[in-house]
Each structure stands twice: as C-alpha cells, then as structure tokens.
Amino acid sequence: MAQQAVSGVNKLCTRMKRRTDVFDFIYQTIGIVWLFMMLFTTRLFTVVKTAMLVFLVFVAVVEIIYKTIPIVRKHIRYVVAFVIFSFLSLVIGGISGFDFNMSSEFPLIQYYIITPFCVLFLATVIGRSERRKEFLWKALIAMTALLAVLDVMKVGTAMIGMSLPFLGFIDLASATMTEELAVRASNETSLLFLLPIILFLLLNEEKSAKKLVLYLISIGFGFVYAFISGRKILYIEIALTIVYSLWYLKTHKKIKNTPQFASWY
C-alpha cells in the first residue's frame, strides 16, 4: 500500500514537472520567434506579432496563477505610474487640440497603456528563472550580431543599387540631411537599443571566446552601419557607453553573471 502511495506521488510529481516544462517550451519557441519579429520586422506582421504577444501574456498570467508567483510591488508601482503619466499626456494632448482618432491612434494606447502591463507579466515569469534569463540573454546577444550584419547588408546593397530578396522583411527609410541622402533600416531602433548594451558587456564582462566573437561582430558592423547610414546618434551612444564603462571599471569588478547583473539593476 505504501509503495503504491509513493508511486502515485512520484507520477504526480512527474506530471507536474512536465506541465512546468510546457511553460519553458512556449517561452523558448513562440517567445523567441516573437522577439525576433519585434527586433527585425518593426513595420511588418503587426497582426501576427500582436496575436503572439497576447498569447504569451495569457500563458504568463496562467503560470503566475498556477504557481502563485508573486509580482514585485515595486514593479507594479512603476508600471502604474508610467501608465497614469501616459494617459494624462494623451488627455492633455486632446485638450490642447490634438485630433485623437481611436482607429488611427490606437498604437498610442497599445504602446503606452497596454504594453507596460504585458511587460510586467512577462518579466515576472522570466525573471523568476535563471535558466530563462540565461536563455534570453544568449538570444539577445546572437540576435544583435545578426541584426547588425543584416542591416549593413540591406543598406549597403541598396546604396549600390542592388536588392537581396532574402532581406525583404527589412524595410528601408530615407532622410535628407543638408545635401546628403541617408538610407536607414526601419529596424535600426532595435540596434540603437541593443548596441550600447553589447558594447558595455564587451568592456565589463568576463566572457567566453564565443561571446567575444559575437560582441565584436555586433560592434564592428554597428560602426559600419553608423557610417554608411549617416546615423550619428550611434556614434554618440558609443561614446557615452565608453565613458560610462571607464567609470564602471574603476568602481566595480568585472561582471561574471550577466543575467544576475541585469536583474539587480
């Protein structure tokens, strides 16, 4: 009888473990595909990306309820404060004469009011697991290197009148500066966000040879992109990151665990 009870408990634990692994599987498959699409295809597949985000948030909420994962109160306060500030900004804009149309201006509601809560739920389930944080950082590091390479290829080939069909998911935008015409990738905002982080880690992290190669690819192609696209803000970001890194090196030790360091900050 006792053996049957123990066997039943073991089977139940195994089933629970399998159910837990389902959450990891979803985040590491659908979640990574969604992250790739968000970083690389900023103007395309909006409906698909929104649907995937809704599904991921639903899964996160289910996991939070199923495992009774506590949400950090400080994070809740930050999100609520940001949403209130954004909402008041929209209200002030409407009072000041801004012609607000829900159908055309819905992205403002989505980005400044709905998305912060999505971030809160996803950050709660990702932040509780060292394995998930490690996986996310590895994905971001690899994607940054790939993003820098593809953006250089897209802009470089466009400037010489060529077109690469496999880069069709990256849009181009042009801007006239004085007498020059700058050609830029529409997803360069992702590069503007990620490149300073990679440069900081290059200068301050105890890294493996594989990471070093990815960091150098990101920084090298990031410099090339800044040069051929005329994006001077990248130069400014790089300069400020170097200055901050020099200060950090004097006051802190080398970073040994990037996910833990990011979580602490």
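The values are calculated or read from the model by the stated rules, or taken from the named source; none is laboratory data. The shown structure was predicted, so the numbers you read here are calculated from the model rather than taken from an experiment. A quick note on method: Cβ atoms are made from the backbone with ideal geometry, for glycine too, and the neighbour counts reach across all protein chains shown.
Please go through the stretch 226-265 and pick out each residue that is among the aliphatic types (A, V, I, L, M), at pLDDT 85 or above and surrounded by 13 or more Cβ atoms within 10 Å (Cβ to Cβ).
Result: 226, 234, 238, 242.
For the stretch 32-82, enumerate the residues that are polar (S, T, N, Q) and either in a helix (DSSP H, G or I) or closer than 23 Å to residue 193 by Cα (or both).
Of everything in the stretch 32-82, those that are polar (S, T, N, Q) and either in a helix (DSSP H, G or I) or closer than 23 Å to residue 193 by Cα (or both) turn out to be 41, 42, 46, 50.
Run residue 123 past the list (1) among the small types (Gly, Ala, Ser); (2) outside the structural domain of residue 209 (by TED's automatic domain parsing); (3) in contact with a Gly (Cβ under 6 Å, 6 or more places away or on another chain) and report the number of the one that doesn't hold.
Failing condition for residue 123: (3).
Which of (1) in a helix (DSSP H, G or I); (2) among the hydroxyl-bearing types (Ser, Thr, Tyr); (3) surrounded by fewer than 16 Cβ atoms within 10 Å (Cβ to Cβ) does residue 163 not meet, given it meets every other one?
(1)
Condition (residue is at pLDDT 90 or above, in contact with an Asp or Glu (Cβ under 9 Å, 6 or more places away or on another chain), surrounded by 12 or more Cβ atoms within 10 Å (Cβ to Cβ) and farther than 30 Å from residue 166 by Cα) applied to the stretch 61-74: is it met by at least one residue?
Yes: the stretch 61-74 contains one or more residues that are at pLDDT 90 or above, in contact with an Asp or Glu (Cβ under 9 Å, 6 or more places away or on another chain), surrounded by 12 or more Cβ atoms within 10 Å (Cβ to Cβ) and farther than 30 Å from residue 166 by Cα.
Does the stretch 125-135 include one or more residues that are out of contact with any Phe, Trp or Tyr (no Cβ under 7 Å at 6 or more places or on another chain), modelled with pLDDT of 85 or more, surrounded by 14 or more Cβ atoms within 10 Å (Cβ to Cβ) and not in a helix (DSSP H, G or I)?
yes
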